């Protein structure tokens, strides 16, 4: 079979290892005897590039220039061209959109911290007067704890309502950073306008005319990150940053399977089955005896999952621990090939 792949590489200077899926996908696909066709989603002829392919894989990130392509291209490839896609729409249509995820998880009956999304200034202001503090305020996009802050009291929450409805916010850092850092950031932007005639690092998207507030779950020194790929689950505990309530993006993690609460793993498997995802990463908090999903994503740093000493597999007899490291790309390719082979068999006059 022919599988098209658009290259990706999210490796950064702070990465603990190389973070690129395309090379590993290519390695496993060619080892299984299939042909990989490298394609470029930024070209005008991308649909022609994909013609004749059995599958298409692209690990698109939370970056705005990825988002503007993925949300327009992937549904057409999957639904109109009939090409199997990784990630498919069940897996990624809600990616990096916390407002959408709130609606989705609530409708699917997946437990989350209580969340409120308001699209009217007056209604938001009326509600905030009776809200219980602290509240977690989030923008609809952001990763590694970006665009997430804690409103500790009513005046702080009112400021966020005013900013988001009356001014607009490019990111939360510009409002929550120390005054000196904010001053130098704005000075750098002003200098860029004078010297180059354009904004320095000008944001693509302005957050405006909405506010997303989430219940603050006390007593969590860490969250549990569970990644479900098909019948497999990788899990770790991520400790909160020093002096912070946020764990996402922190390098201090615990991969010891003996320390993972299995209630979080069971919840992750139920959520993945309910949503029908090929890949699902869940950030899970605990409130008393209940586990709550605070956010989800389809993608994650590959090396972080490989660091797990093994994974759990869902079997007819329950969860079974499988010892040994595994790249998530290997699991993704295994499952994708099963889908492709099933689809290939069904192309004939009789589906077997």
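When segment 37-46 is examined, which residues are found to be buried (at least 17 other Cβ atoms within 10 Å of the Cβ) and not in a loop (DSSP other than H, G, I, E, B)?
Filtering segment 37-46 down to residues buried (at least 17 other Cβ atoms within 10 Å of the Cβ) leaves 39, 41, 46.
Passing the criteria: only 46.
May I ask you to say which residue of 72, 67, 59 is within 30 Å of residue 147 (Cα to Cα) and at pLDDT below 95?
Of the residues listed, the single one that is within 30 Å of residue 147 (Cα to Cα) and at pLDDT below 95 is 67.
Keeping to segment 125-149, report how many residues are closer than 22 Å to residue 170 by Cα and under 27 Å from the mean Cα position of the chain (by Cα).
So the answer is 15.
If residue 56 meets every condition in (1) outside any strand (DSSP E or B); (2) within 26 Å of residue 339 (Cα to Cα); (3) free of Cβ contacts under 8 Å to residues at least 60 places away in the same chain apart from one, which number is that one?
(1)
For segment 315-338, which residues satisfy the criterion of being modelled with pLDDT under 95 and either crowded, with 17+ Cβ neighbours inside 10 Å or in a loop (DSSP other than H, G, I, E, B) (or both)?
316, 317
The values are calculated or read from the model by the stated rules, or taken from the named source; none is laboratory data. Keep in mind that this is a model prediction, so the values were computed, not measured. Here Cβ is always computed from backbone atoms with ideal geometry, including for glycine, and neighbour counts include all displayed protein chains.
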